[in-house]
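Chemist: Let me give you the structure first, and then I'll get to my questions.
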Amino acid sequence: MTSTVATGISKVIDTPEMASRAGRNGRVIAISLAPGTQLTDSIEHACREHGVETAVILSVIGTISEVYLRNPRDITTLPIRQEHEFADEIDTVVLQRSMEILSVQGNVCRVDGELWAHCHALFSEAGGNVRGGHVFRATIWSQGEVFLQELTDIRVDRKHDKEVTGLPQIQLHGCDARPTDGR
């Protein structure tokens, strides 16, 4: 069964397979990162400083000197019980070499009340080999250039789905909804 409701400027669609909410583009936040800076922490910090609750990562370019990536193992099953660095259920790859940032995609929203930059990325190393996955953390080598698009009239946060995936899944809210942490 599909439920569609128009709420002012926003359309809400809910089906058993998906939910969607329409929002608007807000400000574009540009971030310049110096050598030694931690990528995801810096994105989260910039969002806090600019009062951004929900954002899409538009573009990240530059170089890194170290990255911790996560990918599922061939034997990983759902629900995933532990998703931290070096957890048994996932493959954590640590690359400690200068690499070009080819692409970073993701979003910023709240998980358990804290802003979280959820990033997936591709990096190229000497010889053109490409590595990628979920980014736990990455350290900028020469520079980092980040552009974020704030989303307004919609709020996205994450709630841990302990039953099916074991991962923090997005929850979509209209602009009048309060964050799940009561803020």
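Please treat every number below as a calculation from the coordinates, not as lab data. What you see is a predicted model, and the numbers here were worked out from it, not measured in a lab. Cβ sites come from the backbone with ideal geometry, for glycine too, and all protein chains shown count toward neighbours.
Chemist: Estimate the FRET efficiency between Ala87 and Ala19 by the formula 1/(1 + (r/R0)^6), using the beta-carbon distance for r and 30 Å for R0, to the nearest 0.05.
Modeler: For Ala87 and Ala19, the calculated efficiency is 0.55.
Chemist: On a 0 to 90 degree scale, rounded to 10, what angle separates helix 39-50 from the longest Cα axis of the chain?
Modeler: Between the helix axis and the principal axis of the chain, the angle is about 40 degrees.
Chemist: Sorted from largest to smallest, which semi-axis lengths in Å does the alpha carbon gyration tensor of the chain give for its equivalent ellipsoid, taking the root of 5 times each eigenvalue? Mind showing how you got there, number by number?
Modeler: Details: eigenvalues 177, 94, 38 Å².
Working through the eigenvalues yields semi-axes of 30, 22, 14 Å.
Chemist: Stokes-Einstein diffusion coefficient for segment 47-99 at 20 °C in a medium of 1.002 mPa s, Rh from the Kirkwood formula over Cα pairs: what value in µm²/s? Please report the intermediate quantities before stating the final value.
Modeler: Numbers: Rh = 14.0 Å.
For these conditions, the coefficient is 153 µm²/s.
Chemist: How big is the C-alpha Rg of segment 85-183 next to the rule-of-thumb value 2.2 N^0.38 Å, as a ratio?
Modeler: Normalised Rg, Cα atoms only: 1.29.
Chemist: Amide H to amide H under 5 Å from Ser103: which residues, 5+ apart in sequence or cross-chain, H placed 1.01 Å off N in plane?
Modeler: The list, which skips near neighbours in sequence, is Leu122.
Chemist: I want to make sure I understand the PRE zone here: with the label point 7 angstrom from the Cα of Ile80 toward its beta carbon, which residues in segment 115-137 have backbone N atoms less than 13 Å away?
Modeler: 118-121, 133-137
Chemist: Right, next: Quick query: amide H of Thr37 versus all other amide H atoms, modeled in the peptide plane; which residues come in under 5 Å with a sequence gap of 5 or more or a different chain?
Modeler: Ile140
Chemist: Turning to a different aspect of this structure: For segment 71-160, give me the percentage of DSSP beta bridges that are antiparallel, rounded to the nearest 5 percent.
Modeler: Antiparallel bridges: around 90 percent, rounded to the nearest 5.
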